[in-house]
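Everything on this sheet refers to the single structure shown next.
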4 protein chains.
Amino acid sequence: MSIKTGIFGAAGYTGWELIGILHTHPTMSIHFAVSDSNAGETVGINGLKYVKQHEATLDEVDLVFLCTPHLASAPLAAKALDAGAKVVDLSADLRLKTPESFAKWYQHEHPVPALLPTVYGLPEVNRHEIVGKEVIANPGCYPTSSILGLAPLAKAGALKPGAPLIIDAKSGVSGAGKNPKPDLHFVEVFGDFKPYNIGRTHRHTGEIEQELHALAPNAGPIIFSPHLLPVDRGILSTIYAPLADGWDYAKARELYTDMYADELLVKVLPEGQTARLKDAVRTNRAVISLTQAAPDLLIIVSVIDNLRKGAASQAVQNANILFGLPETAGLLEN
Amino acid sequence: MSIKTGIFGAAGYTGWELIGILHTHPTMSIHFAVSDSNAGETVGINGLKYVKQHEATLDEVDLVFLCTPHLASAPLAAKALDAGAKVVDLSADLRLKTPESFAKWYQHEHPVPALLPTVYGLPEVNRHEIVGKEVIANPGCYPTSSILGLAPLAKAGALKPGAPLIIDAKSGVSGAGKNPKPDLHFVEVFGDFKPYNIGRTHRHTGEIEQELHALAPNAGPIIFSPHLLPVDRGILSTIYAPLADGWDYAKARELYTDMYADELLVKVLPEGQTARLKDAVRTNRAVISLTQAAPDLLIIVSVIDNLRKGAASQAVQNANILFGLPETAGLLEN
Amino acid sequence: MSIKTGIFGAAGYTGWELIGILHTHPTMSIHFAVSDSNAGETVGINGLKYVKQHEATLDEVDLVFLCTPHLASAPLAAKALDAGAKVVDLSADLRLKTPESFAKWYQHEHPVPALLPTVYGLPEVNRHEIVGKEVIANPGCYPTSSILGLAPLAKAGALKPGAPLIIDAKSGVSGAGKNPKPDLHFVEVFGDFKPYNIGRTHRHTGEIEQELHALAPNAGPIIFSPHLLPVDRGILSTIYAPLADGWDYAKARELYTDMYADELLVKVLPEGQTARLKDAVRTNRAVISLTQAAPDLLIIVSVIDNLRKGAASQAVQNANILFGLPETAGLLEN
Amino acid sequence: MSIKTGIFGAAGYTGWELIGILHTHPTMSIHFAVSDSNAGETVGINGLKYVKQHEATLDEVDLVFLCTPHLASAPLAAKALDAGAKVVDLSADLRLKTPESFAKWYQHEHPVPALLPTVYGLPEVNRHEIVGKEVIANPGCYPTSSILGLAPLAKAGALKPGAPLIIDAKSGVSGAGKNPKPDLHFVEVFGDFKPYNIGRTHRHTGEIEQELHALAPNAGPIIFSPHLLPVDRGILSTIYAPLADGWDYAKARELYTDMYADELLVKVLPEGQTARLKDAVRTNRAVISLTQAAPDLLIIVSVIDNLRKGAASQAVQNANILFGLPETAGLLEN
């Protein structure tokens, strides 16, 4: 079997990462790579060249990856589905379940409400829902790190009802995209570190909350504090989880080792170790560590590469499921 | 008036920073700079050379700064006091009030228990206690950032009784000292970011808790999570403070603008701004911002330069008080 | 005496650095700071606000600093001179002596040829020419580092006639300006290092050659190879200088120690030491070291802060001369 | 066929990189990994654990890689050869052809002179000499970058006789090894850049000169200037090559495109492009660009990853040749 894929938004950081992964994928091949601004230039792989959007031959591919910005992605998803291709959308357009929620967090009417709700593609949490679908919303980078870090507690009802869940997250600069902006100038970031959009204003707050409350309806609000880290890639989230009555560190740890025991793309560190950024950077896996802060308070450190498990490699993982391939095909190189 | 000072541990990062500040101080001069390993080398200022510890002429100075490691400092403090010099100890030896507390957090008997309790020198919180003393315990870098960030709430009884206070702190590498260690090798730190000693195991936890509980006896435990940031200097603490009944964001903000209104070395940012590392790096001041996370949860971001307000410049601030000088003498260059 | 100054292009990296220096200058004050894009915002010093260009009150100032781009600067210089102000132009507009030379290196007709030739303001080389002038061309950052590194040999006729002079230069990113560009994005620069505009294509080649050949008409061509260094500031130039017959390392060294013996803003390191970037970063001085590569080949390492001695502090040094002040007024803080 | 290998010095940066490459090698497997200081710890691959040197079962392996320091390596090479294993020595012990040369550059008597001369393993230059040997001296990182950059000119006699060849080289910090040293502390390197051991004092000078003069006996001396770059990995060498009479840029370029036309691990960039560090970092190939500086002066920029083509991957390339495997087996992943 060979699966022909097309990529929109192929010249950004995520698109480039995706191309690298697909290049060595045993079953998938890249049929076209869309980038209006780079059209005509060589991609650097197999003689492939970037093409303009209107040149994308949607009817010739089995699958489309959308690495395009929000608002631009949903219309492309609709078009690709019409042409008979499956879709993994890496933008935020299809992640929130309702047009209302989208409008709340993105301050804009949803471009194609008919596509909602779409299945949220976090395989370790809901892979059975992904099987057989036509279109998948690929999770955001911060949400991937946050939800994998909290899901074992949430599913088991081990989170203290109503108590705020503090996620103090730090991301490398590639998470902010490739477009040059004053705040991303090397001189501005070098030697600096800063919080931004804290206090429940960052758009990923809604996404994290939606997914966690689906697992644990009585969980408290998410307090999400992103920070810009002066490195190129990687996300480290330090999560403070108050435990429900009857739970302690040992029982909580068991939830993690159980849930992720057979997961090839999530690693739970042994007791006494703490996850660090380099554990996950340039890998396709999440790495999680657990530390007791108080008898009823757990610190979870959850690390991913924002461009891999937080974007491109998770998209391929979802695509593998959509086509009935081994879920980690092309993803276990290291 | 001219005040002669001597420095022990003068060749480390803090010692070097202190030398730079004293070099331009209007009243203080450096009489000797001790560094056993650098003895004989020129300091680079006024022809001064590093001397060995036994060459330090304690009886010729008015004031001694101790930038020596813990356990080594207290005996030096005792000796300097005997010789008639005042002492600002930048080590941890005199910060905890009792030998028991020291033994708990430093896993070692206190070297000179007779010196305890010593006044803790955080001028913005307790400058009246510093006046007229012979010896001062200069606060740790993380505690300075943390306590300045929480003091207004603590003093006013605005912290929710018993609720954990989460301090997610990030420090540049100079905070770990100048001695080469595998973990501080450039290659290890470059591109990385990691928590360390989280879960109430870091020694500064006890110091922060002691000082905050002195201000607010019913405050909850400190959950202190330090992280190593791949920059040379600066500490940014993201603090999550649950408010007591009757307090909200606006009233809490007023506590900060009131307490720090006349402080030249603490700046509270206007609403809507968030503190970043560069606001404080290479300055002598703390910069604090406030963000509402929920009606009863405040996020305080507190930033300092770990080598200045977190060590050397605060030591000079304390010394200024000890000698009745203007508190900010030599500290307002920028 | 008080000298009122105005700054055009005040919100860029150089402008900002200049503001910092003038803020503590004993004699000069800032009367206006022009930045069209930041107009209305506070500068952060003495309540000063950025103004638009047409709001600049040229007739109220004694001196104008131009931190504006080339082509924009010369017309402003003409206007300021008309209004009776002296001018230090930090752009490239007035550095080359003839309109032809400007056209060759900048691929554009000179905007105000009547201003040429202007005195080139490198005080250690030609301070007597600066005295009493109305307008000065402030040297480029790379040229400052290069010319200070070669001037002692050039003046003495110690350079091998006709032999190429290789200048392998490395600059921090602030040298490329504050405007966000794809190549200056943090993610692009982080972990990278690259040559650019090598092979006599960089515009500073002409400027360096003009000044060196003025000192040593028989010197060979400049081979100038700039590289982008992943740090925020500083230039380190490694210069390979073939010596003329009769010269050797010892005699060459004497030329440097002689020429710079009384210079407060140039430091020649003792034998056996090699200059490094940090020797000059955040200082106003150049630091130079000499190493013998072969009996007739000298390696000169010349280091400056590109924003200080390579731009803003040198501009103040020139301004001090223009107004008969001590040349280092406001520049000896460290 | 399966080739059993053993690694000495397996816990350093080069050893670790080698383990990563061998882990995915189609034919080679790791039988033991020696590290006295890490003995007993898991390597992280296939359950392998580090062992102490005396536990290394030399008689069970076909091939030994020595990532040990100079002076320690040659005796191990002798022992491994005695036990019947082939040897690729990544240290400097076997690179220089004579004990005298070794003594000159390493200020120490050669530990096992009987092993000299050993074949120098730079396959693109002399792969026919490597075939069938028992022991290979793997080139140093700087020499690999330098010699690949100059070999086409040297072999063709296109270098100007007797003219100095200036190699201005910049290396990431991993080139200095994993042992913590004051100069490699993160705080020291961050924001800095510095030359070290310039002026024909760096040990690699002798190695580069030996190999280049073997190709071009009338070539001039090597002027080798290494600099420490504040990144973790990669070497970029800017090489200034004066051309012999009758040679120009176009003819010189042809030498490069000819010599490297079929090389899978050396890429010559098209005209107008300049090599940058990221072209080679985390790849197994060298990337070379050519720029005309003057009609008779060529600038060659030669880039490698110091831990890959500058050490571990070149060692595997040599090993592939020793065992008659495809030369790039296990090395073409990207």
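The values are calculated or read from the model by the stated rules, or taken from the named source; none is laboratory data. On a predicted model such as this, the values are computed, not experimentally measured, just so you know. For neighbour counting, all protein chains shown are included, and Cβ atoms are generated from backbone atoms with ideal geometry for every residue, glycine included. To get the accessible areas, we keep the full protein, side chains included, count just its heavy atoms, and leave off ligands, DNA and RNA. Shrake-Rupley method; radii C 1.70, N 1.55, O 1.52, S 1.80 Å.
Which of (1) aliphatic (A, V, I, L, M); (2) modelled with pLDDT of 95 or more; (3) not in a helix (DSSP H, G or I) does D:Ile21 not meet, given it meets every other one?
All conditions are met except number (3).
Any residue at all in the range B:249-264 that's under 17 Å from the mean Cα position of the chain (by Cα), at pLDDT 95 or above and not assigned by TED's automatic domain parsing to the domain that holds B:Phe65?
yes
Would you say C:Ile7 is surrounded by 18 or more Cβ atoms within 10 Å (Cβ to Cβ) and out of contact with any Cys (no Cβ under 8 Å at 6 or more places or on another chain)?
In short, no.
Residue-by-condition table, conditions (1) surrounded by fewer than 22 Cβ atoms within 10 Å (Cβ to Cβ); (2) part of a strand (DSSP E or B); (3) among the small types (Gly, Ala, Ser):
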| residue | (1), (2), (3) |
| --- | --- |
| D:Gln273 | yes, no, no |
| D:Arg282 | yes, no, no |
| D:Val287 | no, yes, no |
| D:Leu298 | no, yes, no |
| D:Ser302 | no, yes, yes |
| D:Ser313 | no, no, yes |
| D:Gln317 | no, no, no |
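How about the range C:30-77: which of its residues are touching a His at 6+ places or on another chain (Cβ under 9 Å) and among the polar types (S, T, N, Q)?
Hits for the range C:30-77 are C:Asn46, C:Thr57.
How about the range A:21-51: which of its residues are open to solvent by 40 Å² or more (accessible area, probe 1.4 Å) and under 23 Å from the mean Cα position of the chain (by Cα)?
Within the range A:21-51, A:His23, A:Thr24, A:Pro26, A:Ser29 qualify.
Got a number for residues in the range C:254-271 being open to solvent by 20 Å² or more (accessible area, probe 1.4 Å) and either β-branched (Val, Ile, Thr) or within 11 Å of chain D (Cβ to nearest Cβ) (or both)?
Count: 2.
Which residues, taken from the range C:319-334, are surrounded by fewer than 24 Cβ atoms within 10 Å (Cβ to Cβ) and either closer than 16 Å to C:Thr5 by Cα or within 14 Å of chain D (Cβ to nearest Cβ) (or both)?
C:Asn320, C:Ile321, C:Leu322, C:Phe323, C:Gly324, C:Leu325, C:Ala329, C:Gly330
Can you work out which of the residues in the range B:82-93 that are surrounded by 16 or more Cβ atoms within 10 Å (Cβ to Cβ) and over 17 Å from B:Val34 (Cα atoms) is farthest from the chain's Cα centre (by Cα)?
This residue is B:Asp93.
Show the residue pairs that are 6+ apart or on different chains and have beta-carbon atoms under 6 Å apart, the first residue being within the range D:167-187 and within 22 Å of D:Leu212 (Cα to Cα), the second being crowded, with 21+ Cβ neighbours inside 10 Å and hydroxyl-bearing (Ser, Thr, Tyr).
D:Ile167/D:Ser146; D:Ile167/D:Ser237; D:Asp168/C:Thr238; D:Asp168/D:Ser225; D:Asp168/D:Thr238; D:Ala169/D:Tyr142; D:Ala169/D:Ser237
In the range C:199-209, what residues are touching a strand residue (DSSP E or B) at 6+ places or on another chain (Cβ under 8 Å) and either in a strand (DSSP E or B) or open to solvent by 10 Å² or more (accessible area, probe 1.4 Å) (or both)?
If the condition is that a residue be touching a strand residue (DSSP E or B) at 6+ places or on another chain (Cβ under 8 Å) and either in a strand (DSSP E or B) or open to solvent by 10 Å² or more (accessible area, probe 1.4 Å) (or both), then C:Gly199, C:Arg200, C:His202, C:His204, C:Glu209 are the ones that fit.
Which residue out of B:Leu332, B:Leu290 is at pLDDT 95 or above and among the aliphatic types (A, V, I, L, M)?
Exactly one residue qualifies, and that residue is B:Leu290.
Does any residue of the range A:28-35 turn out to be assigned by TED's automatic domain parsing to the domain that holds A:Ala315, out of contact with any Gly (no Cβ under 7 Å at 6 or more places or on another chain) and without any contact (Cβ under 8 Å) to a residue 24 or more places away in the chain?
No, that holds for no residue.
Could you run through the range D:187-238 and say how many residues are β-branched (Val, Ile, Thr), more than 9 Å from every other protein chain (Cβ to nearest Cβ) and in contact with a helix residue (DSSP H, G or I) (Cβ under 6 Å, 6 or more places away or on another chain)?
Number of matching residues: 3.
Let me spell it out: the conditions are (1) free of Cβ contacts under 8 Å to residues at least 40 places away in the same chain; (2) touching a strand residue (DSSP E or B) at 6+ places or on another chain (Cβ under 8 Å); (3) more than 26 Å from A:Val135 (Cβ to Cβ), and A:Arg285 meets all of them except one. Which number is the exception?
For A:Arg285, the exception is condition (3).
Determine the pairs where a residue that is within 13 Å of A:His227 (Cα to Cα) and in the same structural domain as A:Ile235 (by TED's automatic domain parsing), located within the range A:193-211, has a partner that is open to solvent by 20 Å² or more (accessible area, probe 1.4 Å) and among the hydroxyl-bearing types (Ser, Thr, Tyr) with Cβ atoms under 6 Å apart, the partner being 6 or more residues away or on another chain.
As it stands, the answer is A:Pro195/B:Thr274; A:Ile198/B:Thr291; A:Gly199/B:Thr291, since those pairs meet every condition given.
Within the range B:161-174, which residues are more than 8 Å from every other protein chain (Cβ to nearest Cβ) and surrounded by fewer than 24 Cβ atoms within 10 Å (Cβ to Cβ)?
B:Pro161, B:Gly162, B:Ala163 - these are the residues of the range B:161-174 that are more than 8 Å from every other protein chain (Cβ to nearest Cβ) and surrounded by fewer than 24 Cβ atoms within 10 Å (Cβ to Cβ).
Based on this model, can you work out whether D:Leu96 counts as in contact (Cβ under 8 Å) with a residue 60 or more places away in the chain, more than 20 Å from D:Phe8 (Cβ to Cβ) and crowded, with 24+ Cβ neighbours inside 10 Å?
Yes, satisfied.
Is the range A:144-155 home to any residue that is hydrophobic (A, V, I, L, M, F, W, C), surrounded by 15 or more Cβ atoms within 10 Å (Cβ to Cβ), over 24 Å from A:Thr328 (Cα atoms) and in contact (Cβ under 8 Å) with a residue 24 or more places away in the chain?
yes
Name the residue, out of C:Ile235, C:Ile223, that is at pLDDT 95 or above, open to solvent by less than 10 Å² (accessible area, probe 1.4 Å) and in contact with a Cys (Cβ under 8 Å, 6 or more places away or on another chain).
C:Ile235
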